[in-house]
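Q: Here it is, the structure, as structure tokens.
The values are calculated or read from the model by the stated rules, or taken from the named source; none is laboratory data. Because the structure is a prediction, the values reported are computed rather than measured. Cβ atoms come from the backbone with ideal geometry, glycine included; neighbour counts cover every protein chain shown. Surface accessibility is based on the protein's heavy atoms, side chains included, excluding ligands, DNA and RNA. Shrake-Rupley method; radii C 1.70, N 1.55, O 1.52, S 1.80 Å.
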Amino acid sequence: TNRNMPSLLDLSEDLLVAVAVQACTARDRYVLAATCKVLYRLIIVDTTSAAVWAPLLRALNWIGDEMLGTTPPMLYRTLSKLRRLRWSPLELDAPEGLARTLMCRSGAAGCRLGAELLMFGGTLNGNIGPVLGDLLLLSLDDVSAVLTVRPVQHTRSEEGSPMVDQEGPGARRGHSLTATCIDATHVAVLLGGWGHTDIGMQPYLLYRAGEGRYLWQRPHVAGTEPSGRAFHSTNAIGNGQLLVYGGLGRGCCCRDHAVLDARTMSWSAPKISGRPRCVSGRAGHGAIFLPGAHGGGELLFLSGASRSADGDKHQVTVDVIEVGVDGALQWSADTAWNSVKLPAVRTAAYAVFARTVVTWSGIGHHFQPEPSLRLLDVAHRRVHTAECVVETALDMPAPRGGSECLQLRPGAVLLLAGSDHEGTCFPPRVLQVELDSRVEGG
């Protein structure tokens, strides 16, 4: 109230910021900011606003200090009501021959290993091949908008090391490559896929062995290995646990799951209580893990297809595994997910900005690419069509399936490769959050 304001403003600025931090909602912060110029400056304008808005940004799963060159309240407004995304073209710097195979491949897998982006394998010409087994290092210069891609030769180890695979995992497509940590060391875990011969689910570990050098390891693994598959998902769900779900097995869609403990190198199949919406399994689906503020989190499975003797049945639903702080797994019984419908596609591209999951393109019925860009607001269980911002119409990427989407930073992802089953080459693009410049009204 007005009679309390003089005593409030007698506080030091540090204490005023502490008061603002305790405000429960974004609207509470805006109300405080509207009371006087001092609070407006501390909450909206000055560098102190970073501390004021940090709790709300963390609740949105915004990891890191990068603020997209804007004020925290503007960033919060943008992320909490995300609607606009910008496509930007990139120039490709790659050795002769590699540029074409990079832009035309599908079914590859990539991840961020520490500070570096890596991509492995894939196939040219869809199911026809050839299947690829190259390891690529990608580096983006934001200033020049140039994506540099170089092949990486894996390092051979000293003689006598039983854990190191001298030849690497071999050519494959439809595999997964997932980053995790083992004893505080960044490691990428490669699983499954289809190759020239039968490929099981033996893990291959990829370590950084020095500047531009990497080492493949083929560890001994305890437990029962899941059946071989491709176009499955593998997600790190905390505490060194990698959860594998679905995929295509021998002529059918897999409905099972398995957990690889990267710390002990052991397989298990812990019980998941409850029941999924899609009981016939998924392949070529999206899988996004959203960690909770205090551990655990939600693992979302999106779209994909279920294959049987009757053919492919494309899915439009979302299934969610709730991961408890204690590691317990449960299919979400939240009925709000029943009304969430996504495009009926497989091998779409997926990304996550804060608590919004982005789904783009994919292959639908009769091998037709889906052109839409959708936003799944996880907090409110709603799907919106994104507004795309481009400088020219040529900056809009052509729809396709099997592309790779790699996180560059919290507000931007790299999209590259893919297939439309017509042999088209697709130049790389960046998809990033387009800021909402308004901060009034909460």
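Q: Using only alpha carbon positions, build the gyration tensor of the range 123-256, then give the equivalent ellipsoid semi-axes as the square roots of 5 times its eigenvalues, largest first, whole angstrom. Show your work: numbers first, answer last.
A: Details: eigenvalues 117, 83, 55 Å².
Values for the range 123-256, descending: 24, 20, 17 Å.
Q: Would you list, by chain and number, the lysines whose Cα falls below 21 Å from the Cα of LYS341, excluding same-chain residues fewer than 8 positions away?
A: Candidates past the 8-residue exclusion: LYS81, LYS313.
Q: Can you send over the carbon and sulfur percentage of the accessible area for the range 212-346, probe radius 1.4 Å, protein chains only?
A: Working: 2830 of 5730 Å².
C and S atoms contribute 49 percent here.
Q: Considering only protein heavy atoms, with the full assembly of protein chains and a 1.4 angstrom probe, order SER12, SER419 by accessible area, largest first.
A: On the way: SER12 60, SER419 15 Å².
Greatest to least solvent exposure: SER12, SER419.
Q: If you add up the charges near GLY292, with Lys and Arg at +1 and Asp and Glu at -1, over every other residue whose beta carbon is less than 14 angstrom from its beta carbon, what do you get?
A: Numbers: positive: ARG58, ARG355; negative: GLU298, GLU322, ASP326.
Spelling it out: positives minus negatives among the neighbours equals -1.
Q: What Kirkwood Rh does the range 86-434 have if only Cα atoms enter the pairwise 1/r average? Answer in Å.
A: Numbers: mean 1/r = 0.0491 Å⁻¹.
Value: 20.4 Å, from the Cα pair sum.
Q: Then there is this: Accessible area of the range 9-82 with a 1.4 Å probe: how many percent of it is carbon plus sulfur? Numbers along the way, then the final one.
A: Details: 2330 of 3810 Å².
C and S fraction of accessible area: 61 percent.
Q: Right, another one. Stokes-Einstein diffusion coefficient for the range 9-82 at 4 °C in a medium of 1.567 mPa s, Rh from the Kirkwood formula over Cα pairs: what value in µm²/s?
A: Details: Rh = 12.3 Å.
Estimated via Stokes-Einstein, D reaches 105 µm²/s.
Q: Determine, from the Cβ-Cβ distance of PHE367 and CYS252 and an R0 of 22 Å, the FRET efficiency 1/(1 + (r/R0)^6), rounded to the nearest 0.05.
A: On the way: r = 20 Å, r/R0 = 0.92.
After rounding to 0.05, the efficiency reads 0.65.
Q: So how much slack lies between THR47 and ILE128, counting 0.36 nm per residue of separation and subtracting their Cα-Cα distance, in nm? Provide the component values of the computation, followed by the final result.
A: Values: separation 81, 0.36 × 81 = 29.16 nm, distance 5.56 nm.
So the chain would gain 23.6 nm between THR47 and ILE128.
Q: I'd like to check one number: the per residue accessible area of the range 86-434, probe 1.4 Å, reported in Å² as a whole number. Walk me through the numbers before you get to the answer.
A: On the way: 14850 Å² over 349 residues.
Solvent-accessible surface per residue comes out at 43 Å².
Q: If you don't mind, there's one more thing I want to ask. Roughly how tilted is helix 49-59, in degrees to the nearest 10 and between 0 and 90, from the longest Cα axis of the chain?
A: That helix lies at roughly 40 degrees to the long axis.
Q: Using only C-alpha atoms and all pairs of different ones, pull out the Kirkwood radius for the range 251-391 in Å with one decimal. Working shown, then result.
A: Values: mean 1/r = 0.0620 Å⁻¹.
Kirkwood hydrodynamic radius for the range 251-391: 16.1 Å.
Q: Here is a further query. Restricting the count to DSSP beta bridges whose residues both fall in the chain, what percent are antiparallel, rounded to a multiple of 5? All intermediate terms of the calculation are to be shown ahead of the outcome.
A: Details: 102 of 113 bridges.
Looking only at bridges with both residues in the chain, the antiparallel portion is about 90 percent.
Q: Something else: Given ALA18, LEU79, LEU39, which one lies farthest toward the positive end of the charge dipole of the range 9-82, if we put +1 on the Cβ of every Lys and Arg and -1 on the Cβ of every Asp and Glu?
A: Selected residue: LEU79.
Q: Restricting to DSSP loop positions (anything but H, G, I, E, B) with no more than 12 other Cβ atoms inside 10 Å of their own Cβ, which trypsin sites (Lys or Arg not before Pro) remain in the range 351-442?
A: Counting only loop positions with at most 12 other Cβ atoms within 10 Å, the trypsin sites (Lys or Arg not before Pro) in the range 351-442 are ARG438.
Q: How much accessible area does LYS81 have with a 1.4 Å probe, in Å² rounded to the nearest 10?
A: 110
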